[in-house]
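Worksheet for the structure shown next.
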């Protein structure tokens with residue numbers, strides 16, 4: 001049997017798969033919810049370094065901050081003011097090697113605020129309600145930061161609930 | 001650099017003599033071994049972090065010449081930032097605008113401000129190369145740690161800034177200042 005054709009098909013599959021769109025596994029990692037185990041599973045990595053880990057992946061560089069306190073909110077343990085167990089994800093920064101079109105994000109839904117700087121091609125779209133910032137250059141999202149959402153403020157140490 | 005928005009107003013191109021002054025300010029800094037090494041390494045690290053390099057160079061002087069050959073250097077009287085930059089966004093896009101209201105750009109013949117002008121030019125050239133403050137801060141930290149700098153602090157975290165637009169702007173400024181701090185360590189001596 002001629003083996004050339006199956007080999008060519010395998011080669012084509014390998015090449016096309018390697019050029020596939022980014023899988024965005026980092027989207028499964030949620031600040032104040034996800035743990036090191038979730039990070040390993042989502043990104044296919046083997047270890048978490050505390051307090052920060054940076055992973056150089058094929059389609060993106062992902063940097064993750066973890067809580068490190070064994071006794072959050074106790075006296076002298078206030079480096080991170082979040083009442084979550086040690087090893088919980090606090091923040092994720094994703095540097096996309098293949099930028100995403102800004103149109104993939106609903107930045108005109110009224111929840112995003114625009115911030116500009118001296119880098120005049122760049123606009124940051126900040127959504128504190130959802131805990132996400134998108135850094136875009138010429139309508140392409142290049143970096144994404146996910147941080148604790150406003151709705152998670154009850155997880156802050158010494159949070160105070162005000163009566164309506 | 002590193003301030004709030006830089007609203008473009010009426011611009012005038014710098015004369016070739018003024019451009020040469022800025023080139024000299026930059027050259028003086030990157031001729032310093034620590035400064036030159038840091039700038040080159042940060043541009044390389046930015047490429048590794050982002051997978052992008054619009055002008056395919058790790059050389060500040062090369063980026064400077066790219067600006068000269070594209071949209072050029074301009075002067076504007078603005079209220080906010082010391083300077084602003086465009087870059088990495090398309091053909092003939094590389095451009096730097098300096099604020100003539102800023103102390104050290106008001107008179108380019110004033111040799112007293114050569115270092116500050118050079119430092120600002122380094123900052124803006126990072127933008128010309130297509131990188132923002134978030135990327136610049138992280139790349140500078142990685143390089144500073146690799147080059148055994150002292151006083152390499154933790155990066156700013158978005159969660160430590162207020163919610164909303166003000167917090168987002170402050171976070172951006174903090175990243176710009178973080179980059180500037182390490183740049184100054186390298187370029188003004190006594191870095192490590």
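Values quoted throughout were computed directly from the atomic coordinates according to the rules given, and no laboratory measurement underlies them. None of the values given here were measured: they were computed from a predicted structure. Cβ coordinates were reconstructed from backbone atoms using ideal geometry, including for glycine residues, and neighbour counts include every protein chain displayed.
Stretching residue A:129 away from residue A:68 to a fully extended chain increases their span by 19.5 nm, per 0.36 nm per residue minus the current alpha-carbon distance.
Rounded to the nearest angstrom and listed largest first, the equivalent-ellipsoid semi-axes of the range B:72-126 from its Cα gyration tensor are 20, 12, 9. Each 10 Å bin from 0 upward holds the following percent of the Cα-Cα pairs of the protein assembly as shown: 5, 23, 31, 22, 13, 5, 1, 0, 0. In percent, rounded to a whole number, the relative contact order of the range B:76-117 is 33, using alpha-carbon pairs under 8 Å and six or more apart.
Per the Kirkwood formula on distinct C-alpha pairs, the Rh of chain B is how many angstrom?
Working: mean 1/r = 0.0598 Å⁻¹.
Averaging 1/r across every pair of different Cα atoms and inverting gives 16.7 Å.
The orientation-averaged shadow of the Cα convex hull for the range B:44-99, equal to a quarter of the hull surface, comes to 4.3 nm². From the alpha carbon centroid of the range A:49-122 to that of the range B:58-79 is 32 Å.
In the range B:35-180, Cα pairs under 8 Å separated by at least six residues give a relative contact order of 23 percent. Normalised by the number of residues in the range A:52-98, the average gap of Cα pairs under 8 Å and 6 or more apart makes the relative contact order 43 percent.
Evaluate 2.2 N^0.38 Å with N set to the residue count of the range A:49-162, then give the Cα radius of gyration divided by it.
Details: Rg = 16.2 Å, N = 114, 2.2 N^0.38 = 13.3 Å.
Here the answer is 1.22, to two decimals.
Spin-label model, residue A:111/residue A:40: points 7 Å from Cα along the beta carbon direction are separated by 3.2 nm. Straightening the chain between residue B:151 and residue B:80 buys 22.6 nm, computed as 0.36 nm per residue apart minus the Cα-Cα spacing.
Counting other C-beta atoms within 10 Å, which of A:151, B:183, B:141 has the fewest, and how do the rest follow?
Values: A:151 10, B:183 23, B:141 20.
Least crowded to most crowded, the residues run A:151, B:141, B:183.
In terms of surrounding Cβ atoms within a 10 Å radius of their Cβ, B:59, A:69, A:117 rank from fewest to most as B:59, A:69, A:117.
Quick one: order B:105, A:147 by neighbouring beta-carbon count within 10 Å, fewest to most.
Working: B:105 22, A:147 26.
Final ranking by Cβ density, sparse to dense: B:105, A:147.
Remark: spin-label model distance residue B:18-residue B:69 equals 2.4 nm, labels positioned 7 Å along the Cα→Cβ axis.
Each of residue B:37 and residue B:11 was given a label point 7 Å from its Cα along the Cα-to-Cβ line. The distance between the two points is 3.6 nm.
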